[in-house]
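Take a look at the structure set out below.
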Amino acid sequence: MTYAPLSDLHDWHLVHSDQDIRGWKVIAADGDTVGKVDELLVSMDSEMVEAVRLDNGAEYNTDDIEIGDGVVY
């Protein structure tokens, strides 16, 4: 799967600005903070955000996260 950072796709935009979770804190199941969302990764095949990259370099598929009120789990 080929991903491109949304910030590099200058002609692409999220449907709703409230979908932009960059900068949001990411909390693990045990309650520990694991980082912040650094980038939204777009699948060039589906043309949808399918993963996020954290400020520590870790990447998570969007199927593996839940979005709360200003926080990602």
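The values are calculated or read from the model by the stated rules, or taken from the named source; none is laboratory data. Everything quoted here is computed from the prediction, not taken from an experiment. The protein model used for the area step is the full one, side chains on, heavy atoms only, and it has no ligands, DNA or RNA in it. Shrake-Rupley method; radii C 1.70, N 1.55, O 1.52, S 1.80 Å.
Points to keep in mind about this one:
- Across 24, 12, the residue with the most accessible area heads the list, and the full order at a 1.4 Å probe is 12, 24.
- For the range 21-68, a Kirkwood radius taken over Cα pairs fed into Stokes-Einstein (20 °C, viscosity 1.002 mPa s) yields D = 195 µm²/s.
- Note on the range 1-40: with neighbouring protein chains present and a 1.4 Å probe, carbon and sulfur make up 47 percent of its accessible heavy-atom surface.
- Residues in the chain average 67 Å² of solvent-accessible surface per residue, probe 1.4 Å, ligands and nucleic acids excluded.
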